Amino acid sequence: MTAATQLAARHRFQWWELLPWIAGIAVFFAFPNYLAFGTQVLIAILFALSLDLVLGYAGIVTLGHAAFFGAGAYTVGMLAQHLGWNEPLSGLAAAALVAGAIGLASGYVLLRTHGLTLLMLTLCTMALLEEAANMGAAFTGGFDGMPGLKFAPLLGMFPFDLLFFRSQYLYALLVLFICFALVRALVYSPFGQSLTGIRENLLRMHAVGAPVRARLVIAYTISAALAGVAGALFAQTNAFVNLGALGLERAAGVLIILILGGYGRLYGAFVGAIAYLMLEHTLAKAYPTAWQIGLGVTLMAVALYAQNGILGLGDALRRRLGGQRAP
Amino acid sequence: MSATLLETKGLCKSFGALEVARDISFRLDAGARHALIGPNGAGKTTFINLLTGLLQPSRGSVHLRGEDVTSLAQAKRVKRGIARTFQINQLFRGLTVLENVCIAVAERLGAGGSMLRPAGRRTDVIENASHLIGMLKLDEDAGRRVGELPYGRQRLVEIAIALGLNPRVLLLDEPAAGIPSAESHILLDAIATLPKDIAVLIIEHDMDLVFRFAERITVLVSGAIFAEGAPAEIAANAQVRSVYLGNAA
């Protein structure tokens, strides 16, 4: 097989890529009592996927990605609370637009910097938004947030039920599928290749004439819009939004998910979100007062012994067995 | 008389009190095969950095086909036809040789920002890149990650990337460094196949390669042009021999 056909084959849809979606549908039927948890996992996957686009592919180090998640969540929350705009799909679109606009504006300024400066500035952006949400209580509910949000049935037919998350789960699964298809197309496109180029060697990308900053700002904007969709899904499916949507804990959580699963690999977001939330769920059930210790120890082990995440472990195993590299 | 492609007028660059380029007025004609030589620290790479826009001059100007490009960013100069290689490899080490060259070709064809089609299906980009890979005898390594290749092979990838930009002016910063001498002919063969109107400026310490390649040589010493002329003139210049070539040359 030539290098060209290898490259084309790697970018083609593979049969095994159906498996997560089959598993997602199977969960709906096999675990009807866990659909609320499943919905949170799907939202976490989408959020981590949005982060993977900037961190894993473009190499933009950020600690403030929850700013966009929160922007999306607050957009649908405020639209529903104050304007009575509670149609879910158009709400998602509005959330993507608002979060994308914040991503564009902040990215245009922030992405002039690199490294620790960028890290601090992303953190500051998130803190500013969090404080704005805290102080604008008349619009955002302030510290209490906006509980008891009401959303119209999906497509006018499928109401959101907070006891049985059937509609929410399928809705989140469908939105994740669409967003994933978008991200997949993006990372395998020449644009995605150029992002990888920027991550791998900034100097060389300038020397091949790539408009590096513009590419980074575009990627950051798209990623922000996707994170906004994740935040909007969170607010719609849980019927509330509060400051936690914009906080450092959420930003750090999604970073851990991505590191745990493996960044820059598309499916790392899936593996990381499932592993992290299941671990959190199991440990919290077994040790209600000390579960975070178990989580911390696990994460330390991953950081020390599996620096490319869980998928990286699989990759190493495959290499040892003489297989090819992971997609 | 050939048309001037690239020209510098009174180019100066200082880092504080340290003057690394001093009043360099230099001309590169279409189709030139020009070598820039000089002892270590003479300012050769700095000069290339000034030409490409990686560094901004303290004084003086850079002109490409008569247009003043001094204030243009590096990427815009590349679009106008200036391509370079680096003294120390600057590659996408985690990507394959083919992907490395494809990135450059995609930028040149204006496809680098395309989000619609998978890169693996851009046959125009892939065919172009594959041709260059073949030209530099890298076919066998095309599917391998660049980081896994020996240094000499990586140097050839550097050159393939620069050629992928289809330059009007090609600046090669010590291209043969690290390439086994038995393979340096690949480099010269690749340059020989370039269209005749492309100007090539090479910085090189391998004098054998310089004298085989160059039709004109500029000697840079302490950031200033020390001598310029045909290879025979430079080889016969006693002052050049004493500052650079050594008496044995």
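Every read-out reported here was derived from the displayed coordinates using simple, explicitly stated rules and does not represent laboratory data. Just so it is clear, the model here is predicted, and its values are computed rather than measured. Cβ atoms come from the backbone with ideal geometry, glycine included; neighbour counts cover every protein chain shown.
Structure data summary
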read-out: Per-region count, the range A:115-138, residues part of a helix (DSSP H, G or I) and surrounded by fewer than 15 Cβ atoms within 10 Å (Cβ to Cβ); value: 10
read-out: Residues satisfying the stated conditions in the range B:99-119, i.e. surrounded by 24 or more Cβ atoms within 10 Å (Cβ to Cβ) and not in a loop (DSSP other than H, G, I, E, B); value: B:Glu99, B:Asn100, B:Val101, B:Cys102, B:Ile103, B:Ala104, B:Val105, B:Ala106, B:Glu107, B:Ala119
read-out: Residue list for the range B:117-156, filter: within 11 Å of another protein chain (Cβ to nearest Cβ) and aliphatic (A, V, I, L, M); value: B:Ala119, B:Val125, B:Ile126, B:Ala129, B:Ile133, B:Leu138, B:Ala142, B:Val146
read-out: Odd one out for B:Ala35 among (1) out of contact with any helix residue (DSSP H, G or I) (no Cβ under 6 Å at 6 or more places or on another chain); (2) crowded, with 22+ Cβ neighbours inside 10 Å; (3) not in a helix (DSSP H, G or I); value: (1)
read-out: The one condition in (1) more than 30 Å from B:Arg144 (Cα to Cα); (2) surrounded by 22 or more Cβ atoms within 10 Å (Cβ to Cβ); (3) within 14 Å of chain A (Cβ to nearest Cβ) that B:Phe86 fails to fulfil; value: (1)
read-out: Helices (runs of 4 or more DSSP H) fully within the range B:132-249 counting 3 or more residues that are within 30 Å of B:Gly110 (Cα to Cα) and in contact with a helix residue (DSSP H, G or I) (Cβ under 6 Å, 6 or more places away or on another chain); value: B:151-164
read-out: Flag for B:Ser25 being hydroxyl-bearing (Ser, Thr, Tyr) and not in a loop (DSSP other than H, G, I, E, B); value: yes
read-out: Qualifying residue in the range B:192-203 (condition: of a type in the set (Asp, Glu), within 15 Å of the chain's Cα centre (by Cα) and closer than 28 Å to B:Gln154 by Cα); value: no
read-out: Residue identified as within 14 Å of chain B (Cβ to nearest Cβ) and within 19 Å of the chain's Cα centre (by Cα) among A:Gly70, A:Gly64, A:Gly100, A:Gly59; value: A:Gly59
read-out: Hits in the range B:95-140 (condition: among the charged types (D, E, K, R) and in contact (Cβ under 8 Å) with a residue 60 or more places away in the chain); value: none
read-out: All positions within the range A:107-148 that are in contact with a strand residue (DSSP E or B) (Cβ under 7 Å, 6 or more places away or on another chain) and closer than 24 Å to A:Leu35 by Cα; value: A:Met146
read-out: Given (1) in a loop (DSSP other than H, G, I, E, B); (2) touching a Lys or Arg at 6+ places or on another chain (Cβ under 8 Å), index of the condition B:Gly60 fails; value: (1)
read-out: Residue match in the range B:170-181 (condition: away from chain A (no Cβ under 14 Å), surrounded by fewer than 23 Cβ atoms within 10 Å (Cβ to Cβ) and in contact with a strand residue (DSSP E or B) (Cβ under 7 Å, 6 or more places away or on another chain)); value: yes
read-out: Candidates A:Val187, A:Val183, A:Val208 - the one that is among the hydrophobic types (A, V, I, L, M, F, W, C) and facing chain B (nearest Cβ under 7 Å); value: A:Val208
